Amino acid sequence: MGQGRAKLILENVDPDTPFYSKVTFIEGLAAICRCFPEEVGRKVTGSNKEVAKVLWSAAALERLEWLFNNLRIWHAMTPLQRALLPSGTASNEALHAERMEQSQQDAAPKHLAAQIAHHAVCEATWWMALV
């Protein structure tokens, strides 16, 4: 992609409108890479990956489908339905905490059963040693 086309694509991007097609999304990523090569060459804090590699991963087919599924659902809903959706990360964090608590409760009986079985084996081994 040439520098002129990349600048034109970035100038025509409306920050208040999502990308509606995968092609325009990928073109936008390519334009960013073309116009800001030193920025996409930097490493992301934490993952220690180059920004270009993160963007390349975002353009992978499976990731694109995942990203665009949210848009498809969002635009299929009425404004009234969208108003009922949670915003921010609080609902996600609450769901995660609830699932963790549930998994710990589910694990407790299994842990107790494992302890009983281990105790039975140890006791049997001890009695066998006496005989």
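The values are calculated or read from the model by the stated rules, or taken from the named source; none is laboratory data. Every value quoted in this text rests on a predicted model; they were computed, and no experiment measured them. Reconstructed Cβ throughout: ideal geometry from the backbone, glycine too, with neighbour counts over all protein chains shown.
This table checks each residue for (1) at pLDDT 90 or above; (2) in contact with a helix residue (DSSP H, G or I) (Cβ under 6 Å, 6 or more places away or on another chain); (3) surrounded by 11 or more Cβ atoms within 10 Å (Cβ to Cβ).
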site	(1), (2), (3)
ALA6	yes, yes, yes
ILE9	yes, yes, yes
ASP16	no, no, no
VAL23	no, no, no
GLU27	yes, yes, yes
PHE36	yes, no, yes
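Taking segment 38-57, which residues are of a type outside the set (Gly, Ala, Ser) and exposed (fewer than 11 other Cβ atoms within 10 Å of the Cβ)? Reasoning before the result, please.
Just the residues of segment 38-57 that are of a type outside the set (Gly, Ala, Ser), to begin with: 38-40, 42-45, 48-51, 53-56.
Scanning segment 38-57 gives GLU38, THR45, ASN48.
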Worksheet item: Taking the stated definitions as given, is VAL54 part of a helix (DSSP H, G or I), within 17 Å of the chain's Cα centre (by Cα) and β-branched (Val, Ile, Thr)?
Response: yes
